[in-house]
Every structure is written in structure tokens, then in C-alpha cells.
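**Student:** This is the structure I want to talk about, given as C-alpha cells.
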Amino acid sequence: QVQLVESGGGLVQPGGSLRLSCALSGSILNIYTMGWYRQARGKQRELVATITSATSTTNYADSIKGRFTISADNAKNTVYLQMNNLKPGDTADYYCYAEVSRTRDSREDWWGQGTQVTVSS
């Protein structure tokens with residue numbers, strides 16, 4: 001079993017900052033990619049940012065480029081999302097994501113429970 005535990009969500013005013021963290025635990029052979037998705041009320045879940053473990057290659061949604069930064073600590077199996085200049089449109093539940101292998105031939109997607117981010121004055 002793989003667990004992803006998120007932390008760092010909350011209420012922040014427009015223009016403010018938050019830092020999300022997600023720690024992966026469980027018996028795994030390899031982590032390929034970790035990242036963040038978000039889902040606002042009434043909308044589909046969408047990509048925010050991902051980072052590959054081997055090369056630290058990042059991928060960002062256009063809507064958050066220049067404001068959010070994803071990073072990872074491979075030794076701790078933890079991924080972070082630094083969110084700056086937050087806007088009301090960033091309000092959503094943020095979900096941690098990981099693509100891992102638990103056996104030589106497997107490749108699986110795992111999700112965290114989500115952490116709520118609310119941007120409001």
C-alpha cells in the first residue's frame with residue numbers, strides 16, 4: 001500500500017502565499033513522477049504541476065506559471081508546492097499525485113486525500 005499525506009492548505013488572502021507538502025510512504029521500488037492536481041467546486045480535476053524524480057523535470061499549468069513552484073526532496077519522498085501571489089481562482093482542493101512502481105513490471109498512480117486551499121479576502 002502507498003500513502004500520500006498532504007499538508008499546508010488553508011485560508012489566505014489574495015496575493016498571499018502557501019506551501020503545500022506531500023509525503024509518500026509505503027513499500028515501493030521507484031517513484032517516477034510526483035505532483036499536484038486541483039479540483040474547484042463544479043469543475044474537473046486539472047493538472048497544477050509535476051516533477052520527475054530522475055531528472056527533476058517540471059511541468060506547469062499555464063494558469064500558475066510564474067506564481068507556483070514545485071520541488072521535491074527525493075531522500076524524503078516528499079514533494080512541495082510553493083504558491084505565491086494567490087488568486088481567488090486558485091481556490092480548490094489540491095491533490096497530491098505519484099506515479100510509482102511496487103514491482104519490477106508495475107506502474108501505478110496514487111492519490112492523496114486532498115487539502116483545501118481557499119483564497120479570499
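**Student:** Is any residue of the stretch 85-118 close enough, with backbone N under 12 Å, to a label point placed 7 angstrom from the Cα of Gln39 along the Cα-Cβ axis, and if so, which?
**Tutor:** Under 12 Å, as judged by backbone N against the label point of Gln39, lie 93-96, 111-115 of the stretch 85-118.
**Student:** Note down the relative contact order for the stretch 1-75 as a percent, whole number, built from C-alpha pairs under 8 angstrom at least six residues apart. Walk me through the numbers before you get to the answer.
**Tutor:** Details: 92 pairs, mean separation 15.2, N = 75.
Computed over the stretch 1-75, the figure is 20 percent.
**Student:** Find how much the distance from Glu108 to Ser121 grows on full extension, using 0.36 nm per residue of separation minus their present alpha carbon separation; answer in nm with one decimal.
**Tutor:** This chain segment gains 0.7 nm when fully extended.
**Student:** Please give the contour-minus-distance gain from Ala61 to Lys87: 0.36 nm per residue of separation, less the Cα-Cα distance, rounded to one decimal in nm.
**Tutor:** Numbers: separation 26, 0.36 × 26 = 9.36 nm, distance 1.48 nm.
Net length gain for the segment: 7.9 nm.
**Student:** Go ahead and set up a Gaussian network model of the chain, Cα springs under 10 Å, then flag whichever of Val100, Val48, Val79 fluctuates most.
**Tutor:** Val100
**Student:** Please report how far the C-alpha centroid of the stretch 1-36 lies from that of the stretch 61-93, rounded to the nearest whole angstrom.
**Tutor:** With the stretch 1-36 and the stretch 61-93 each reduced to a Cα centre, they are spaced 10 Å.
**Student:** I'd like to check one number: the per residue accessible area of the chain, probe 1.4 Å, reported in Å² as a whole number.
**Tutor:** 56
**Student:** Over the chain, with a Gaussian network built from C-alpha contacts below 10 Å, which listed residue (Ala23, Ala75, Ala92) shows the highest mean-square fluctuation?
**Tutor:** Evaluated over the chain, the most mobile residue of the options is Ala75.
**Student:** Let me ask something additional. Please identify, among Gln44, Gln82, Gln13, the residue showing maximal mean-square fluctuation in a Gaussian network model of the chain using a 10 angstrom Cα cutoff.
**Tutor:** Comparing Gln44, Gln82, Gln13 in the GNM, the peak value goes to Gln44.
The values are calculated or read from the model by the stated rules, or taken from the named source; none is laboratory data. Owing to the predicted nature of the structure, the values given are computational and were not obtained by experimental measurement. Positions of Cβ are generated from backbone atoms using ideal geometry, with glycine treated the same way; all protein chains shown enter the neighbour counts. Just so you know, the surface numbers come from the protein's heavy atoms only, side chains and all, with ligands and any DNA or RNA stripped out. Shrake-Rupley method; radii C 1.70, N 1.55, O 1.52, S 1.80 Å.
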